[in-house]
Amino acid sequence: MPVNAPTRDEALTLLKEFNHTSSLVKHALAVEGVMRYMARKRGEDEEKWGIIGLVHDLDYERYPEQHCQKTEEILTERGWPEDYIHAIMSHGWGLVTDIKPEDEMEKVLYAIDELTGLIVATALVRPSKSVLDMKVKSLKKKWKDKSFAAGVNREVIQNGAQMLGVELDDLFSDTIAAMREVAEAIDLQGAA
C-alpha cells in the first residue's frame, strides 16, 4: 500500500489530539517555523520539513517516559512515511533513541529543537517579551549562564551545530530570524 505524505492540517490535527498544553503546542509551532525557514534557505521541501518539525514531540505530553518511541508507534499505525518517522526519531539521538541524525533535515531538527526553548526563555525575560528585537549577543549571554534555562541541553545544540558544520552564532541568528516569522503564533511578538 503506498504511503501518502501527510498534509499540514492533518499534522496539526494529530498534534492537537495528543497535546493540550499551550506551551507544548507553541513549541511545536516554533520548531515548525524554524524547520520551514531552514528548508527555504537550503532549497529543500519546506512542507515536509515543517510537518516533521510540527509533530516531532507528538508523544511528549502523554508519554514523556516513552518519548519518541510512542511517536514512532502512533505514526506507523497511521501510515506515515518511513523517512518522516526516521527524522522525528533522530531528534532524540543520544537521549531517548539510538537513531543518529543523518541527512541535513535531521541534523537541523536535532540542532534547533533545544535551541528554540532557549530562545523562548530568553525572549520571556526581555523587557519587550519578544523575539522580534532579540539579538544574537543577548542569546549568547544567556547561553553562557548555565543556570538560565538549565533544562535546555546546550550540548545537543553544540553537537547539532557541529554536525551541520555551522558556527553557533550562525545557528543562533538563523533560528532567531525563523522564530520572528512565527512570533505571533508562539506569543513572542511582545506587547502591542
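Return an integer: the convex hull volume of the alpha-carbon atoms of the stretch 86-163, in Å³ per residue. The partial results should precede the final answer.
Working: hull volume 7.5 nm³, N = 78.
For the stretch 86-163, the hull spanned by Cα atoms encloses 96 Å³ per residue.
Per DSSP helix of 4 or more residues, -39500 (n - 2.57); summed, then divided by the residues of the chain. What does that give at 222 nm, rounded to the nearest 500?
On the way: 9 runs with 115 residues, N = 192.
Value at 222 nm, helices only: -19000 deg cm²/dmol.
Taking the 0 to 90 degree range and rounding to the nearest ten, how far is the long axis of helix 168-181 tilted relative to the main principal axis of the chain, both from C-alpha atoms?
For 168-181 against the chain, the angle is about 80 degrees.
Out of His20, Pro64, Ala185, whose Cα points farthest toward the positive end of the dipole of the chain (charges: +1 Lys, Arg; -1 Asp, Glu; placed on Cβ)?
Ala185
Return an integer: the convex hull volume of the alpha-carbon atoms of the chain, in Å³ per residue.
Convex hull volume per residue, Cα atoms: 116 Å³.
Hey, what angle do you get for helix 22-42 against the long axis of the chain, alpha-carbon based, 0 to 90 degrees rounded to 10?
Computed tilt is about 90 degrees.
Enter the angle in degrees (range 0 to 90, nearest 10) between the Cα long axis of helix 46-55 and the first principal axis of the Cα atoms of the chain, meaning the one along which they spread out most.
On a 0 to 90 degree scale, this one is about 90.
A short reminder: the numbers here are calculations on the coordinates, not readings from a lab. From a predicted model like this one, the values you see are computed outputs, not experimental measurements. Every residue, glycine as well, gets a Cβ built from its backbone with ideal geometry; the counts of neighbours run over all protein chains shown.
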